[in-house]
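What follows is one structure encoded as structure tokens, with my remarks underneath.
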């Protein structure tokens, strides 16, 4: 093969399921290439005297066959595809030569232009594989892998958020997707959640979902406000369930956009059960829970080596002395780790009193983060003894996350 051939590469997708692939070299190149080969179902033989810990772990787990030795002529027998990835140029050249003689396509990691195949910049989104190869004015010698990676990333990102290809997808599948929108910042919704939003006919949105994303929806999308304002106007859960069922049965693609994660104090399972009982297809898209993300964004780790080995997330919408409470506050007070309270602004005083009464020290650090991850985020620091008064004095309102424990005093943003 001419190294300066001006002819472009011929793109093709290799079907490697059950077929032998030989990878020579156990370094970082192997570590990067192996997952995709295994995902394609290839029977991979690794030839290398040494390997990185991650590659060795794949061999130990039986995912690959590892020949712990240097490459020798004949190793490509019965192979369908090969990768020359050693740190010795002469060895790589010999591997390519054998591949040429055996009519085996071979990628050469240290000098791609001297191989018989190239590895494209590859990405995947919603069942679509994007593979990008570039070449300059002089063919193979002008390949630009950085440009290929940049183009791949741009295409995959647009496929992921639904801004590319959403209108060409054809008929949508009726059903409901319970999408966790994350803590509020629109950039913190998952790629899958954003893509489903772009494909929706109807969006039933909570107040705590990422509101900015609603403005990006096409004009034909119907947005239904299912806001549950604490201690104020609310749409009954039964009415929300009925709306979801109605639109799904009418053949529409429905997204139930919720704050945080659908199953973390989000009543997502109630909705899923009702939809399943009505024969409606349900997809659950997990979201980033505010219980972890909001403290993190405010500079508070919910766990920290030598400080907290556990964290507990509790709903504070019911006071400790309320007969409906399912929380063992006595046990919580005895824990030494981090306590994260959601929906606890109204009952913060009662909760702090219960924890103190059962042994949690008065000087336990407390941080209250209102509207975490949003432009309006603010943090108020206190102790367990002063938290309720500080929250009232600072006019803290929902949504807010309360973090109790020594982790509050960890990090550069600690008081």
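Numerical summary
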{"item": "Qualifying residues in the stretch 287-302 (those that are in a loop (DSSP other than H, G, I, E, B) and touching a helix residue (DSSP H, G or I) at 6+ places or on another chain (Cβ under 9 Å)) - the one surrounded by the most Cβ atoms within 10 Å (Cβ to Cβ)", "result": "287"}
{"item": "Condition check for residue 327: in the same structural domain as residue 309 (by TED's automatic domain parsing), in a loop (DSSP other than H, G, I, E, B), surrounded by 22 or more Cβ atoms within 10 Å (Cβ to Cβ) and modelled with pLDDT of 95 or more", "result": "no"}
{"item": "Qualifying positions in the stretch 176-216 - over 19 Å from the mean Cα position of the chain (by Cα), crowded, with 17+ Cβ neighbours inside 10 Å and outside any helix (DSSP H, G or I)", "result": "176, 200, 201, 202, 203, 204, 205, 206, 208"}
{"item": "Residues that are surrounded by fewer than 16 Cβ atoms within 10 Å (Cβ to Cβ) and either under 18 Å from residue 320 (Cα atoms) or in contact with a helix residue (DSSP H, G or I) (Cβ under 7 Å, 6 or more places away or on another chain) (or both), drawn from the stretch 362-377", "result": "362"}
{"item": "Given (1) out of contact with any helix residue (DSSP H, G or I) (no Cβ under 9 Å at 6 or more places or on another chain); (2) without any contact (Cβ under 8 Å) to a residue 40 or more places away in the chain; (3) more than 22 Å from residue 264 (Cα to Cα), number of the condition residue 330 does not satisfy", "result": "(1)"}
{"item": "Matching residues, the stretch 65-92, being farther than 15 Å from residue 27 by Cβ and surrounded by 15 or more Cβ atoms within 10 Å (Cβ to Cβ)", "result": "67, 75, 76, 79, 80, 81, 82"}
{"item": "Condition check for residue 30: surrounded by 14 or more Cβ atoms within 10 Å (Cβ to Cβ), part of a loop (DSSP other than H, G, I, E, B) and within 36 Å of the chain's Cα centre (by Cα)", "result": "no"}
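The values are calculated or read from the model by the stated rules, or taken from the named source; none is laboratory data. This structure is a prediction, so every number in the text was calculated from the model and none was measured. Note: ideal-geometry Cβ built from the backbone for every residue, glycine included; neighbour counts use all protein chains shown.
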